[in-house]
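The values are calculated or read from the model by the stated rules, or taken from the named source; none is laboratory data. Quantities reported herein were computed from a predicted structural model and do not represent experimental measurements. Don't worry about glycine lacking a Cβ; one is built from the backbone with ideal geometry, like all the others, and counts go over all protein chains shown.
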Amino acid sequence: MVTEKKKTGTGLEIETATRQGTRHSQNEDNHVSKPEHALFAVSDGMGGHRDGHLASRAFVDELEVIEFADGEGVNERLQRIEAAFHRVNDQLYGSYLENPDADISGCTGLTLIIHDGYAGCQWVGDSRLYLLRQGHLFLVSEDHSDDLGRLTRALGSHEDILVDRRVIDRRCARRW
């Protein structure tokens, strides 16, 4: 397991951890923390498919370059982030269309942004976000998977994707 812990100038304390799945030859997890924008994300490559580690890396790389303008509200920032989901989906699905005999390359993606008193979560797939409140964990995101645990929605798996979004008033939240 790889763990990283750091404090930021924004008053947030960040801890990230990834581990290689027992059925995978390599770790397909990637994450990004941009504390200066209070933007955090995780991505997991689709196991059993081509280049999941590269797909998840493409997602976090796209988020690394996002810049926000002064004066933007949380909804404008969420729109910028959602556009990044769609750009990565287009790239991954496009690589499949170029060579349909090769398997798809896909990943899950989940982001959290904290801004203007709100916390906005967006996701595709089964990466999860929890809220810790008064000693209890609450699931914020909802898995895009069937009863057998197979993904029903992932970046790169379809031409168009639907990105789910949940916005929470931070006065209701304590820890993510």
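Here are the numbers:
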read-out	value
Listing of strands (runs of 3 or more DSSP E) fully contained in the stretch 1-71 that carry 2 or more residues being at pLDDT 65 or above, closer than 22 Å to residue 155 by Cβ and within 18 Å of the chain's Cα centre (by Cα)	13-18, 29-34, 39-44
Selection within the stretch 60-90 - closer than 18 Å to residue 124 by Cα and among the β-branched types (Val, Ile, Thr)	60, 81, 88
Sole exception among (1) aliphatic (A, V, I, L, M); (2) under 15 Å from the mean Cα position of the chain (by Cα); (3) in a strand (DSSP E or B) for residue 162, by number	(3)
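Quick grid of which residues meet (1) of a type in the set (Ser, Thr, Tyr); (2) assigned to a loop (DSSP other than H, G, I, E, B); (3) more than 16 Å from residue 30 (Cα to Cα):
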residue	(1), (2), (3)
83	no, no, yes
87	no, no, yes
93	yes, no, yes
97	no, no, yes
110	no, no, no
114	no, no, yes
